[in-house]
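The values are calculated or read from the model by the stated rules, or taken from the named source; none is laboratory data. On a predicted model such as this, the values are computed, not experimentally measured, just so you know. Please note: Cβ atoms are built from the backbone with ideal geometry, for glycine as well, and neighbour counts cover all protein chains shown. The accessibility values were calculated without ligands, DNA or RNA, using every heavy atom of the protein model including side chains. Shrake-Rupley method; radii C 1.70, N 1.55, O 1.52, S 1.80 Å.
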Amino acid sequence: MKFNIINKPIDKIKADLELIFVVDKNLKHKFIKDDKSFKFSNYKGDSPLLLIENARLYLPLAKLEFEEFRLAAAKAYNAIKGLNVKKLKLASYLGECTKMSFQSLVEGFVLGAYEFNKYKEKKEAYTLDEIIFSSEEFNGKEVDISKAQLGIKHGQIMANAANFTKDIVNEIPEIYTPVKMAEDAQILAKNLKNVTCKIYDEKFLKKENMNAFLAVNRASVHPPRLIHLVYKPKSPKKKIVFVGKGLTYDSGGLSLKPADYMLTMKADKGGAAAALGIIKGASELELPFEIHAVCGATENMIGGNAYKPDDVLISRSGVSIEVRNTDAEGRLVLADCLSWAQELKPDILIDMATLTGACVVGLGEYTIGLMGNNEELKSELKAKSAKSGEFASVLEFNRFLKELVKSQIADVSNTASSRYGGAITAGIFLDKFIKEEFKDKWIHQDIAGPAYTEKAWGYNQSGATGAGVRMNLYYLNALAKEL
Ligand code: BES
Ligand code: ZN
Ligand code: ZN
């Protein structure tokens, strides 16, 4: 899909269809007046309205606000995708910021048009390939074209980064093994500016004493990979390290998941996939930071050599872990990856993981859980990423919850002694692997809720949503603006 802004009034632009957002509730819209064939006063509700004879699609827009733009653009795409429309035109609609208004409209179109259809024999042949904005604003004013163009560019980058992540998460576990993820990371590095990639295998993990990570992998026929991508522009201002949980499949291990819960666990690689998407976005946006992605890729399977409940693992950092449930495997992989990542001396350390069902129960399917020790950093991330439209809620640690991950036999247990507060106790477990000097630089993001959805919502199709990608890119972009 191409996007363009043309310095002409909307009526002078040729297209197959014109999209009109009905902004004004009183319908005093410049482009509505001459549609005499239709009585707008009869038009209620918020479904799109197609007037074929005038080649117009009317779509209600509640507010001139960024998230409304995304939702409306995706809705428009869905309304016309079955029609033979190649070129779509629309006027400019501005909220509080010109660049961001264009950016969110473009994001809405690109996110809304995403499809994972490689396993369908019959693929729909959608025709829409160009969206043309007129520089004429819906209220008759003129738009700043260079700001609009920057918004269009950034919108494409943001949405393509998220869609890239969706492709990884949607791919089936038979194909998408840790080795495949490593190959994808290498291809990504080749295609991007200022990005390098290093892949480490099980020999390296042994040498590094990453025994918690290795234990999770043991019963899998697929070898594990530690994937390290670096985006390094000239004279970077900060070093930011993302660590991703890359469980290409989570069967639960010997503490096997019930059948209904195992389904969708191909999406347990969502954290790692998001970290890769962030590297893609960061490089394309040319962010002024050195950004790392450290991904722990493995399966969690069963077999005669599987790690067991009752085992005690000596992690890379030396902290011993009592395994009480092999389905709490993500925190084991992350413990060793976080330990390794701290040697990169980050200014900010962020881990992303589909870590707990408890987070989904607590926050619902749409919201990311944010945890950490630094109040300021958590609220800063939440505030600076708010315009992305992704939902995030801070979950607070406390001293009593900290008691719950104690073990009789080891330094820490991989499951809490209470069934309540599971998202937070998982975060507290990870905190055991954060050294004093990084305690205030670390944020844990539990993306278990929004990473994968079985029913479409907003501009997300059923399947992967690319959760965390735009949230973190918006955060980084806002940080860069402060320099
Ligand atoms: N990958 C799951 C968490 C998950 C659940 C992600 C639902 C997405 C949707 C994780 O490895 C897991 O199984 N966690 C357990 C932890 C428990 C055994 C302490 C859980 O949440 O039940
Ligand atoms: Zn699990
Ligand atoms: Zn898992």
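When you go through Ala293, Ala282 one by one, which is the residue that is surrounded by 21 or more Cβ atoms within 10 Å (Cβ to Cβ) and in a helix (DSSP H, G or I)?
Answer to the selection: Ala282.
Which one is farthest from ligand 3 (Cβ to nearest atom), of the residues in region 233-253 that are of a type in the set (Gly, Ala, Ser) and open to solvent by less than 10 Å² (accessible area, probe 1.4 Å)?
Among them, the one singled out is Gly244.
Looking only at region 381-399, decide whether some residue is over 30 Å from Glu482 (Cα atoms), within 16 Å of ligand 3 (Cβ to nearest atom) and of a type outside the set (S, T, N, Q). Give the derivation first.
Initially, region 381-399 is screened for residues over 30 Å from Glu482 (Cα atoms), giving 398-399.
Cutting the leftovers down to within 16 Å of ligand 3 (Cβ to nearest atom) gives us none.
Scanning region 381-399, I find no residue that is over 30 Å from Glu482 (Cα atoms), within 16 Å of ligand 3 (Cβ to nearest atom) and of a type outside the set (S, T, N, Q), so the answer is no.
How about region 142-190: which of its residues are without any contact (Cβ under 8 Å) to a residue 12 or more places away in the chain and assigned to a loop (DSSP other than H, G, I, E, B)?
Glu174, Ile175
Within region 438-483, count every residue that is assigned to a helix (DSSP H, G or I) and either within 16 Å of ligand 3 (Cβ to nearest atom) or open to solvent by 30 Å² or more (accessible area, probe 1.4 Å) (or both).
The total comes to 4.
Please give the number of the condition Ile424 fails out of (1) open to solvent by less than 10 Å² (accessible area, probe 1.4 Å); (2) in a helix (DSSP H, G or I); (3) over 26 Å from Leu287 (Cα atoms).
It is condition (1) that Ile424 fails.
Just for region 376-400: of the residues that are open to solvent by less than 30 Å² (accessible area, probe 1.4 Å) and assigned to a helix (DSSP H, G or I), which one is nearest to Lys441 (Cα to Cα)?
Leu377
Among what's in region 16-55 and is assigned to a loop (DSSP other than H, G, I, E, B), open to solvent by less than 40 Å² (accessible area, probe 1.4 Å) and among the aliphatic types (A, V, I, L, M), pick the residue that is modelled with the highest pLDDT.
Ala55
Report, by residue number, each residue of region 325-353 that is within 10 Å of ligand 2 (Cβ to nearest atom), closer than 23 Å to Lys441 by Cβ and open to solvent by 10 Å² or more (accessible area, probe 1.4 Å).
Result: Arg331, single match.
Just the residues that are surrounded by fewer than 18 Cβ atoms within 10 Å (Cβ to Cβ) and either β-branched (Val, Ile, Thr) or under 26 Å from Lys387 (Cβ atoms) (or both), please, taken from region 168-191.
Listed by number, the residues that qualify are Ile172, Ile175, Val179, Ile187.
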